[in-house]
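**Student:** My questions all concern the structure below.
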Amino acid sequence: MGSDPLSSIIQLFGQLYAFIVVLRFLLQVAKADYYNPICQAVVKITAVPLAPLHRILPRPANIDMSPLVLAFVINIATWAAILLFKGQSIGDNFTAMLVLSGVGVLDTILTIYFYAVIGSVIISWVAPGSYHPGPQLITQLTEPVFGLARRVIPSLGGLDLSPILIFFVIQIARSQLSSLTHFLL
């Protein structure tokens, strides 16, 4: 958004916390091991701001949508803080802020899966079946997505091409989000 250091710092911390909140949502959807130390850290970091939203928001199909709502609100607050720091009006840019915040949440989901798939592929080469919490979490996060991709492209003689399909879909989605963002800015 800007080249000044304070805007960059605000954006960094806002995006980092939104990343952690979206990660909590994805870990819940993937039904990752709750007792994994990394999951425990993510839950502790996000528990306080999510508590009021848990009481308010319904759970369709037993999926907790409050982390996505919180990530959306964090993105709005980040954009608002940057605009206020630059001396611009929030009211003039409110619709763009809403759309950019929604796009930011979707882009964060795609980014998490992009790097998780890369990590899963590397782990499958280097340390398959590792007992470390990091590789286990990455495997638990990506296995539902791999399962969907394997329905479309079955393995060919032991060669799993599902990561290629996932990367292809992620890149198409990110290019569409990028074009929407450039249209708004």
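The values are calculated or read from the model by the stated rules, or taken from the named source; none is laboratory data. What you are looking at is a predicted structure, and each value in this text was computed from that prediction instead of being measured. Every residue, glycine among them, receives a Cβ derived from its backbone with ideal geometry; neighbour counts consider all protein chains shown. Ligands, DNA and RNA are excluded from the accessible area calculation, which covers all protein heavy atoms including side chains. Shrake-Rupley method; radii C 1.70, N 1.55, O 1.52, S 1.80 Å.
**Student:** What residue, of 107, 64, is part of a loop (DSSP other than H, G, I, E, B), on the phi < 0 side of the Ramachandran plot and touching a residue at least 12 places away in the same chain (Cβ under 8 Å)?
**Tutor:** Details: 107 fails: part of a loop (DSSP other than H, G, I, E, B).
Exactly one residue qualifies, and that residue is 64.
**Student:** Considering only the range 14-35, state which residues are open to solvent by 40 Å² or more (accessible area, probe 1.4 Å), in contact (Cβ under 8 Å) with a residue 12 or more places away in the chain and under 15 Å from the mean Cα position of the chain (by Cα). Give the steps one after another, and end with the answer.
**Tutor:** So in the range 14-35, the residues open to solvent by 40 Å² or more (accessible area, probe 1.4 Å) come out as 15-17, 19, 28-29, 31, 33-35.
Then drop every residue that is not in contact (Cβ under 8 Å) with a residue 12 or more places away in the chain, which leaves 15, 17, 19, 28-29, 31, 33.
Matches in the range 14-35: 15, 17, 19, 28, 29.
**Student:** Is there any pair with a first residue in the range 115-136 that is open to solvent by less than 70 Å² (accessible area, probe 1.4 Å) and a second that is assigned to a helix (DSSP H, G or I) and aromatic (Phe, Trp, Tyr) whose Cβ atoms are under 7 Å apart and which are 6 or more apart or on different chains, and what are they?
**Tutor:** Hits for this filter: 117/167.
**Student:** What single numbered condition from (1) polar (S, T, N, Q); (2) surrounded by 12 or more Cβ atoms within 10 Å (Cβ to Cβ); (3) within 25 Å of residue 116 (Cα to Cα) fails to hold for residue 8?
**Tutor:** For residue 8, the failing item is (3).
**Student:** Go through the residues of the range 36-55 one by one and say whether even a single one is open to solvent by 60 Å² or more (accessible area, probe 1.4 Å), assigned to a helix (DSSP H, G or I) and in contact (Cβ under 8 Å) with a residue 40 or more places away in the chain.
**Tutor:** Within the range 36-55, one or more residues are open to solvent by 60 Å² or more (accessible area, probe 1.4 Å), assigned to a helix (DSSP H, G or I) and in contact (Cβ under 8 Å) with a residue 40 or more places away in the chain.
**Student:** Can we say residue 85 is open to solvent by 60 Å² or more (accessible area, probe 1.4 Å) and either modelled with pLDDT of 90 or more or out of contact with any Ser or Thr (no Cβ under 9 Å at 6 or more places or on another chain) (or both)?
**Tutor:** No; evaluated as a whole, the condition is false for this residue.
**Student:** Would it be correct to say that residue 68 is open to solvent by less than 30 Å² (accessible area, probe 1.4 Å) and either in contact with an Asp or Glu (Cβ under 9 Å, 6 or more places away or on another chain) or within 28 Å of residue 167 (Cβ to Cβ) (or both)?
**Tutor:** Working: open to solvent by less than 30 Å² (accessible area, probe 1.4 Å): no; either in contact with an Asp or Glu (Cβ under 9 Å, 6 or more places away or on another chain) or within 28 Å of residue 167 (Cβ to Cβ) (or both): yes.
Criteria not met by residue 68.
**Student:** Going residue by residue through the range 149-157, is there one that turns out to be in a helix (DSSP H, G or I) and open to solvent by less than 70 Å² (accessible area, probe 1.4 Å)?
**Tutor:** yes
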